[in-house]
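For reference, the structure discussed in these notes is given below.
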Amino acid sequence: MKDFANQILQAAAIAITGHIHPDGDCIGSCLALRRYILDNYSSKQVDVYLEPIGSEFLFLDGASGILSECTEKKYDLCFVLDCSSEDRFTPFADIVKCAKTVICIDHHISNQGLGDFCKVDAKASATCEVLCQIFSFDKISTACASCLYTGIVHDTGVFKHSNTTKATMMYAGSLLEKGVDNAKIIDETFYQKSYVQNLVLGQALLNSRLTANGQIMFSSLSAEELEQYEASSADTNGIIDQLRSTKGVETAVFVYPLKEGGYKVSMRSNNKVDVAVIAQKFQGGGHIRAAGCTLYHTLEEIYQKIIPKIEEQL
Ligand code: AMP
Ligand code: MN
Ligand code: MN
């Protein structure tokens, strides 16, 4: 990524954005890149654009300055992080479109190439791990390291998913050496749940169905249920992992309604099923063991469409 440093050197105003419904890796990678540029390149103006983030991430450096509305500002350079396709950054499409140069950094197997320069490493556990490859390690500050560590923790489910490699652990170890507060990041951004989050998890477990001899676990929450608990979409984070880690389950599917219409479908598998292929059949994307898509059908129709695709692979 020689281009990486050159492009930053040539740019005065830089925008950074990531995908809709930003997760820990999306937030961590955007804030880490911002901090890295501010720490190592003088007089750059860096703005991060993301949809509103969960309050558990607000302690990360630069989080309170994230812009959640698109502006008409024109940038010399725009980074698109953790996004596999253009429909993943729609709220900020104008910022990306109007930038002189666009660089995409990602780890989704479904990424077909975005922007003027694109670095995709599908073997990397997280976009934050790809940034670890690109950054000069001696130029990473504690604040930047904390953002990178957060992204890796979230996309690996605290180093337990099959995307965790020796390289992941080596980078994580080096980030610890930078003074990262790992207990705080793991406890407060990953494991800690609000009372509302626990209530919707309970409701999702009650709504769940097992099929294919207990190998597939499907669950959903309705708009009425989310309203009843005064829960937002961010309050559903982690439900899919509880389904996936149920004994005997190979593939988990969790569906909830989106504010903007349609249903978000999240899929996870343990060993056998390639859920990225299924998500791509429905214009979604992701990774082999974690993928998602948006469907505009009833909950029952979604069940009827998705479950046979998983059964075919089992
Ligand atoms: P999620 O279930 O939202 O945690 O997503 C799992 C993985 O699939 C993440 O890496 C997402 O970036 C990706 N993903 C989820 N939904 C979509 C979608 N509609 N289109 C493309 N990729 C998606
Ligand atoms: Mn992500
Ligand atoms: Mn990611």
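The values are calculated or read from the model by the stated rules, or taken from the named source; none is laboratory data. Being a predicted model, the structure only gives us computed values, none of them experimental. Backbone-built Cβ (ideal geometry, glycine too); neighbour counts: all protein chains shown. The protein model used for the area step is the full one, side chains on, heavy atoms only, and it has no ligands, DNA or RNA in it. Shrake-Rupley method; radii C 1.70, N 1.55, O 1.52, S 1.80 Å.
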Query raised in the report: Which net charge results for the neighbourhood of Ser141, defined as the other residues with beta-carbon distances under 9 angstrom from its beta-carbon, given Lys and Arg at +1 and Asp and Glu at -1?
Result: +1
Requested in this report: Output ³J(HN,Hα) for the stretch 107-115: one whole-Hz value per residue in order, computed from phi by the Karplus curve 6.51 cos²θ - 1.76 cosθ + 1.60 with θ = phi - 60°, and x for Gly and Pro.
Outcome: 9, 8, 4, 7, 6, 9, x, 9, x
**Report entry** Antiparallel %, DSSP beta bridges [both residues in the stretch 167-281], to 5
**Finding:** 65 percent
Query raised in the report: Along the charge dipole of the chain, Cβ charges K/R +1 and D/E -1, which of Met267, Ser110, Leu31 sits furthest on the positive end?
Result: Ser110
Report summary line: Measuring from its Cα centre, the stretch 195-313 shows a charge dipole (+1 at each Lys and Arg Cβ, -1 at each Asp and Glu Cβ) which, in debye to the nearest 20, is 460 debye
Query - Alpha-carbon radius of gyration plus Dmax, which is the widest Cα pair, for the stretch 1-110 in Å - result: 12.8, 36
Requested in this report: Evaluate E = 1/(1 + (r/R0)^6) for Asp87 and Ser222, where r is the Cβ-Cβ distance and R0 equals 22 Å; express this FRET efficiency to the nearest 0.05.
Outcome: 0.30
Query raised in the report: Taking the Cα centre of the chain as the origin, how large is its charge dipole in debye, to the nearest 20, when only Lys and Arg (+1) and Asp and Glu (-1) carry charge on their Cβ atoms?
Result: 740 debye
Query raised in the report: If you average the sequence gap of Cα pairs under 8 Å that are 6 or more apart and divide by the length of the stretch 2-191, what percent do you get for the contact order?
Result: 22 percent
Report task. Take the Cβ-Cβ distance between Asn182 and Asp138 as r, set R0 to 22 Å, and report the resulting FRET efficiency rounded to the nearest 0.05. Result -> 0.60
Requested in this report: Skip the ligands, DNA and RNA, and give the accessible area per residue of the stretch 2-191 with a 1.4 Å probe, whole Å².
Outcome: 42 Å²
**Report entry** Sum of side-chain charges, Cys70 neighbourhood, beta-carbon under 12 Å (Lys, Arg +1; Asp, Glu -1)
**Finding:** -3
Report summary line: The ratio Rg/Rh over the Cα atoms of the chain, Rh being the Kirkwood inverse mean 1/r radius, stands at 0.96
Requested in this report: Evaluate E = 1/(1 + (r/R0)^6) for Phe59 and Ala212, where r is the Cβ-Cβ distance and R0 equals 30 Å; express this FRET efficiency to the nearest 0.05.
Outcome: 0.10
Query raised in the report: Roughly how many percent of the accessible protein surface of the chain is carbon and sulfur, given a 1.4 Å probe and a whole-percent answer?
Result: 48 percent
Requested in this report: Identify, among Ala12, Ala93, Asn198, the residue whose Cα sits farthest towards the positive end of the charge dipole of the chain, taking +1 on the Cβ of Lys and Arg and -1 on the Cβ of Asp and Glu, with the dipole about the Cα centre.
Outcome: Ala12
Report task. Nearest 5 is fine: what % of DSSP beta bridges in the chain come out antiparallel, could you say? Result -> 45 percent
Query - Cα Rg over Rh - the stretch 195-313, Kirkwood - result: 0.94
Query - Within the stretch 171-249: Cβ-based charge dipole about Cα centre, in debye rounded to nearest 20 (Lys, Arg +1; Asp, Glu -1) - result: 420 debye
**Report entry** Helix-only CD estimate at 222 nm, as mean residue ellipticity for the chain, using -39500 (n - 2.57) per DSSP H run (n ≥ 4)
**Finding:** -10500 deg cm²/dmol
